[in-house]
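Note sheet for the following structure.
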Amino acid sequence: MSIAQIIAPVTTDSVEEALLEFLTERVKADVEADQDLFASGLVSSMFAMQLVVHLEESYDIAIVGQELKLDHFRTVQAMTALVLRLRRASGVTTDA
Amino acid sequence: MHNHSSFISEPLVNEQALLGELVGDHAEAWDLAMELPADMLQKLGAMGILCAEVPASFGGLGASSQHSGELTAYVGSLDSSLRSIMTSQGIAAWAIQRFGDRDQRHRYLGDLTSGDLAAVGFSEPGAGSDLAAMQTRVKRSGDSVVLDGQKMWVTGARYADLLLVLCLQDDDAAFVVVPASAPGVCIEPVPAPLGCRAAGHANIHFDNVQLPAASVLGGGGQSLPMLFTTALSYGRMSIAWGCTGIVRACLEAATEHARVREQSGKPLGQHQLVASHLADLLISEELCTLVCEHASQSWQSSSPDMVIAAVLAKQVSAGHAARSASTAVQVLASAGARDGHVVARAYRDSKVMEIIEGSNEICQLILAQHALTTV
């Protein structure tokens, strides 16, 4: 399993930017970093699972157990915070 | 998703041969008796065959989705009741792998690959696809937790040592692992299911069931739709492959019959209306195989599309299994119209596959929503 998607340093800005791009392409609509994706009806709760898979694969993290709360996927900002926190916790070097 | 090892999966050739030997020509008798031999299930469980995708680091076979799928299809072609047991065990293992903490993963995945059998409870009397109506609930009580509620149509519950129960917890949800023998658990077999008759379906009551807090996977507090979608995605993959197996069994039985049975001086297969049935069966077999392989590739490459690919594979395969079974019974006619016959079982079993793990209509809604947001 490759993590070839990671070409840029993993920082708040880079993760947010990549996620906004991913979401915009997926849902065919402009997405804001602080927008509630579920409340706005932009994505279904089923899509949350797709987000989990995408984040794990893109950032070499495992999102398991208690991390699987909908709130962690509610906004691009929340997902970014989750990614950075899990990378720090698992000792993945933040090349910022 | 991550395999946690560099283990390279290979086709499960020996496992398939063993399953072929164990099932032999017993599927009909098991179907009519509505029971699978428990010692066979324990033996297969202890070999990790019932949940072949559990990584080797947890004691499993570490099979890829594709190789596990091919094994599932093979079992599906022999006996959908046994395949249903594999689906349940696999869902339980997958949910534990995703939602359990480190200790729970090692403990329970170890159990599920050493002979313990698992069943997973989703549906309730008032809550099938409507999750919001779910009422089963786990509550904290000091150092332990208490589970109350009921689950319907739990596949494999009659044979299970462990019950994985989807339930509410405060404002969120959780999976709770419950020993089937725990005080307050009452398992009532469904008397005569339409299909997969030997799969041990049961309704379960949980009345003030006291459990250690460590029975709640990952401590709970997860999103209900996420728990549901994650667990069901594995189930959909398994059912999709199992239905591909049903289609293969129907293709084989109908083709063999049409080759040897003669009417009006020529084999049935040379009669054009019968020949068209064989063509349809062949097309179904190819289609189901391809759609399942595609879904397994999505699964293995951790594509975000894996969720939708699993729904699509399940919808296509279950529909084709139901049509193929109907077609095969038509081709075999009186030869297949005997309860327990492979095509008669396929006819009943495939209908159930159009209902569980997201009915045809629920899968259509999901696929339509996907079209609306992405196309």
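Being out of contact with any Pro (no Cβ under 6 Å at 6 or more places or on another chain), modelled with pLDDT of 85 or more and within 9 Å of chain B (Cβ to nearest Cβ) narrows it down to one residue among A:52, A:31, A:43; which is it?
A:52
What is the number of the single condition among (1) within 14 Å of chain B (Cβ to nearest Cβ); (2) over 17 Å from residue B:308 (Cβ atoms); (3) not in a loop (DSSP other than H, G, I, E, B) that residue A:38 does not meet?
(3)
With the requirement that a residue be among the acidic types (Asp, Glu) and assigned to a helix (DSSP H, G or I), what does segment A:58-80 give you? Working first, answer last.
Our first condition is that a residue be among the acidic types (Asp, Glu); within segment A:58-80, this holds for A:60, A:67, A:71.
Listed by number, the residues that qualify are A:67, A:71.
Quick one: which strands (runs of 3 or more DSSP E) sit completely within segment B:166-258 and have at least 3 residues that are over 24 Å from residue B:41 (Cα atoms)?
Passing ranges, in order: B:172-179, B:202-212.
Going residue by residue through segment A:81-91, is there one that turns out to be in a loop (DSSP other than H, G, I, E, B), surrounded by fewer than 21 Cβ atoms within 10 Å (Cβ to Cβ) and more than 12 Å from chain B (Cβ to nearest Cβ)?
For segment A:81-91, residues in a loop (DSSP other than H, G, I, E, B), surrounded by fewer than 21 Cβ atoms within 10 Å (Cβ to Cβ) and more than 12 Å from chain B (Cβ to nearest Cβ): present.
Does residue B:164 qualify as being crowded, with 22+ Cβ neighbours inside 10 Å, closer than 24 Å to residue B:93 by Cβ and in contact (Cβ under 8 Å) with a residue 24 or more places away in the chain? Don't jump to the end; show me each part of the working.
Values: crowded, with 22+ Cβ neighbours inside 10 Å: yes; closer than 24 Å to residue B:93 by Cβ: yes; in contact (Cβ under 8 Å) with a residue 24 or more places away in the chain: yes.
The answer is yes for residue B:164.
Out of segment B:234-272, which residues are small (Gly, Ala, Ser) and either over 11 Å from the mean Cα position of the chain (by Cα) or at pLDDT below 95 (or both)?
Of everything in segment B:234-272, those that are small (Gly, Ala, Ser) and either over 11 Å from the mean Cα position of the chain (by Cα) or at pLDDT below 95 (or both) turn out to be B:245, B:249, B:253, B:254, B:258, B:264, B:265, B:269.
Going by the conditions given, is residue B:211 farther than 20 Å from residue B:313 by Cα, within 12 Å of chain A (Cβ to nearest Cβ) and either surrounded by fewer than 23 Cβ atoms within 10 Å (Cβ to Cβ) or modelled with pLDDT of 95 or more (or both)?
Considered against the rule, which asks whether it is farther than 20 Å from residue B:313 by Cα, within 12 Å of chain A (Cβ to nearest Cβ) and either surrounded by fewer than 23 Cβ atoms within 10 Å (Cβ to Cβ) or modelled with pLDDT of 95 or more (or both), residue B:211 comes out as no.
Within segment B:222-244, take every residue that is away from chain A (no Cβ under 14 Å) and either out of contact with any Lys or Arg (no Cβ under 7 Å at 6 or more places or on another chain) or without any contact (Cβ under 8 Å) to a residue 12 or more places away in the chain (or both) and give me the one that is farthest from residue B:95 (Cα to Cα). Give the derivation first.
Here is the first cut: in segment B:222-244, the residues away from chain A (no Cβ under 14 Å) are B:238-244.
Pick out the ones that are also either out of contact with any Lys or Arg (no Cβ under 7 Å at 6 or more places or on another chain) or without any contact (Cβ under 8 Å) to a residue 12 or more places away in the chain (or both) and you get B:238, B:241, B:243-244.
Numbers: B:238: 14, B:241: 19, B:243: 22, B:244: 24 Å.
Checked segment B:222-244; the qualifying residue farthest from residue B:95 (Cα to Cα) is B:244.
Which one of B:359, B:302 is of a type in the set (Gly, Ala, Ser), touching a residue at least 24 places away in the same chain (Cβ under 8 Å) and within 14 Å of another protein chain (Cβ to nearest Cβ)?
Answer to the selection: B:302.
Residue by residue through segment B:65-117, note down the ones that are away from chain A (no Cβ under 13 Å) and polar (S, T, N, Q).
B:66, B:68, B:72, B:77, B:80, B:81, B:84, B:87, B:88, B:89, B:113, B:114
For segment A:64-80, what are the residues that are surrounded by fewer than 21 Cβ atoms within 10 Å (Cβ to Cβ) and either at the interface with another protein chain (Cβ under 7 Å from one of its Cβ atoms) or free of Cβ contacts under 8 Å to residues at least 24 places away in the same chain (or both)?
Once the filter is applied, which keeps residues that are surrounded by fewer than 21 Cβ atoms within 10 Å (Cβ to Cβ) and either at the interface with another protein chain (Cβ under 7 Å from one of its Cβ atoms) or free of Cβ contacts under 8 Å to residues at least 24 places away in the same chain (or both), segment A:64-80 yields A:65, A:66, A:67, A:69, A:70, A:71, A:78.
The values are calculated or read from the model by the stated rules, or taken from the named source; none is laboratory data. All values derive from a computational prediction rather than experimental measurement. Glycine also receives a Cβ, built like all others from the backbone with ideal geometry; neighbour counts cover every protein chain displayed.
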